[in-house]
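Working notes, structure below.
The values are calculated or read from the model by the stated rules, or taken from the named source; none is laboratory data. Owing to the predicted nature of the structure, the values given are computational and were not obtained by experimental measurement. Every residue, glycine among them, receives a Cβ derived from its backbone with ideal geometry; neighbour counts consider all protein chains shown. Please note that ligands, DNA and RNA were not included when accessible areas were found on the heavy atoms of the full protein model with its side chains. Shrake-Rupley method; radii C 1.70, N 1.55, O 1.52, S 1.80 Å.
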Amino acid sequence: MASDAYKTPGIALTASLTAPSGRAPEQAQTPLAVDATGAGYWQGSLGATAEKMIGRWLLAGTLSVSGVRPRRVGDTTEILGPQLAGLLAGGYGFRNGTAVMATLGCRGTTAVFVNGKPIEGAPVLTTAGLFILR
């Protein structure tokens, strides 16, 4: 008989703080700022994660909201509105120790302001992944 611990999904609240470390895009020295190693702003995030094992299957989901401090570069002030992010993951563990995991994530900003004026078409980034672990 299965333990009650396996019947309830695991739930966690998350919080993070990201500092403006690394090389900001305006400090980059290569075309398209490919040598930038940071975004150049402070960011705080709050979220929740849930995961559930069903036999050899693992299902997980994460939702978070982030806020970014305004960023000034020269005469330009950039403000990103709240950012929303979600991630779904599912995987299967085989008896031989191999596991397969697929992920689908989406992150978007609700608004972008440059020098106090809204910019249309706030970016949304969607990612997908497939992992084989042995």
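Restricting the search to segment 82-99, which residues are open to solvent by less than 60 Å² (accessible area, probe 1.4 Å), within 24 Å of L125 (Cβ to Cβ) and aliphatic (A, V, I, L, M)?
Initially, segment 82-99 is screened for residues open to solvent by less than 60 Å² (accessible area, probe 1.4 Å), giving 83, 85-86, 89-91, 93, 97-99.
Checking which are within 24 Å of L125 (Cβ to Cβ) leaves us with 83, 85-86, 89-91.
Correct list: A85, A89.
When restricted to residues that are of a type in the set (G, A, S), within 12 Å of the chain's Cα centre (by Cα) and at pLDDT below 95, segment 82-132 contains 1. A36 satisfies every condition listed in (1) open to solvent by less than 90 Å² (accessible area, probe 1.4 Å); (2) closer than 25 Å to I119 by Cα; (3) touching a strand residue (DSSP E or B) at 6+ places or on another chain (Cβ under 6 Å) except (3).
Is it the case that segment 48-64 has a residue that's part of a loop (DSSP other than H, G, I, E, B), surrounded by 14 or more Cβ atoms within 10 Å (Cβ to Cβ) and out of contact with any Leu (no Cβ under 8 Å at 6 or more places or on another chain)? Give the derivation first.
Residues of segment 48-64 that are part of a loop (DSSP other than H, G, I, E, B), as a first pass: 55-56.
Next, only the ones that are surrounded by 14 or more Cβ atoms within 10 Å (Cβ to Cβ) stay: none.
Looking for residues that are part of a loop (DSSP other than H, G, I, E, B), surrounded by 14 or more Cβ atoms within 10 Å (Cβ to Cβ) and out of contact with any Leu (no Cβ under 8 Å at 6 or more places or on another chain), one finds none in segment 48-64, hence no.
Scanning segment 65-81 for residues that are out of contact with any Leu (no Cβ under 7 Å at 6 or more places or on another chain), open to solvent by 40 Å² or more (accessible area, probe 1.4 Å) and either of a type in the set (A, V, I, L, M, F, W, C) or farther than 11 Å from Q43 by Cα (or both) yields R72, V73, G74, D75, T76, E78, I79. All told, A111 falls short of being of a type in the set (G, A, S), open to solvent by less than 50 Å² (accessible area, probe 1.4 Å) and within 23 Å of A12 (Cβ to Cβ).
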